[in-house]
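The values are calculated or read from the model by the stated rules, or taken from the named source; none is laboratory data. Quick caveat: nothing in here was measured; it's all calculated off a predicted structure. A quick note on method: Cβ atoms are made from the backbone with ideal geometry, for glycine too, and the neighbour counts reach across all protein chains shown. Calculation scope for accessible area: heavy atoms of the full protein, side chains included, ligands and nucleic acids excluded. Shrake-Rupley method; radii C 1.70, N 1.55, O 1.52, S 1.80 Å.
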Amino acid sequence: QVQVVESGGGLVQAGGSLRLSCVASGRTFSSYALGWFRQAPGKEREFVTSISWSGNTDYADSVKGRFTISRDNAKNTAYLQMNSLKPEHTAVYYCAARRLPVSDPRVPRNYDSWGQGTQVTVSP
């Protein structure tokens with residue numbers, strides 16, 4: 001089982017930035033598919049972005065141009081850079097990992113390891 005740990009959440013004013021980190025265990029991190037999801041109170045968990053083992057990225061339309069996903073295989077870490085944040089971005093952000101390629105990176109059940117989540121709160 002891959003252990004996944006997120007960090008970097010917090011309180012930020014609208015227009016500000018945050019960078020989330022996701023550390024995943026294992027010697028084959030470079031082959032993992034990684035995704036970020038978020039869940040706001042009273043809403044379902046939704047896809048934010050993903051990055052494949054080869055570096056291909058995918059973004060939800062709502063975050064294109066604002067959020068950037070990246071990975072550093074030497075550090076077993078993925079990052080989510082979030083710029084120009086809005087109050088509607090407030091949610092718990094989760095990192096997910098899968099040791100094999102993901103057929104559809106936007107579907108949560110396609111990942112087999114999840115972190116505990118990190119809270120992002122954007123004030124008006």
Practice item. Take residue 83, project a point 7 Å from its Cα along the Cβ direction, then tell me which residues of segment 1-40 have their backbone nitrogen under 15 Å from it. Key: 15-20
**Study point:** Reachable lysines, given that their alpha-carbon falls under 24 Å from the alpha-carbon of residue 43 and they are not under 8 places away in the same chain
**Key:** 64, 86
Point to revise | Within the chain, longest stretch clear of exposed trypsin sites (Lys or Arg not before Pro) (DSSP loop, no more than 14 other Cβ within 10 Å) | key: 65-124
Review point. Once fully extended, how much extra length lies between residue 57 and residue 104, figured as 0.36 nm per residue of separation less the alpha-carbon to alpha-carbon distance?
Key: 15.7 nm
Study note, to complete from the structure: The size of the Cβ-based charge dipole (Lys, Arg +1; Asp, Glu -1) of the chain about the Cα centre, to the nearest 20 debye, is 160 debye
**Study point:** Accessible-area order (highest first, 1.4 angstrom probe) of the listed residues 102, 63
**Key:** 102, 63
Point to revise | Pairwise Cα inverse-distance average, inverted: Kirkwood Rh of the chain (Å) | key: 14.2 Å
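What fraction, in whole percent, of alpha-carbon pairs in segment 7-56 exceed 11 Å separation?
77 percent
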Point to revise | Counting DSSP beta bridges with both ends in the chain, the antiparallel % (nearest 5) | key: 90 percent
Check your understanding: How far, in nm, would the chain grow between residue 25 and residue 44 when pulled straight, counting 0.36 nm per residue and subtracting the alpha carbon separation?
Key -> 4.2 nm
Point to revise | aspartates and glutamates with Cα under 18 Å of residue 75, excluding same-chain neighbours fewer than 8 positions away | key: 6
Point to revise | Over segment 30-102: Rg over Rh, Cα atoms, Kirkwood Rh | key: 0.97
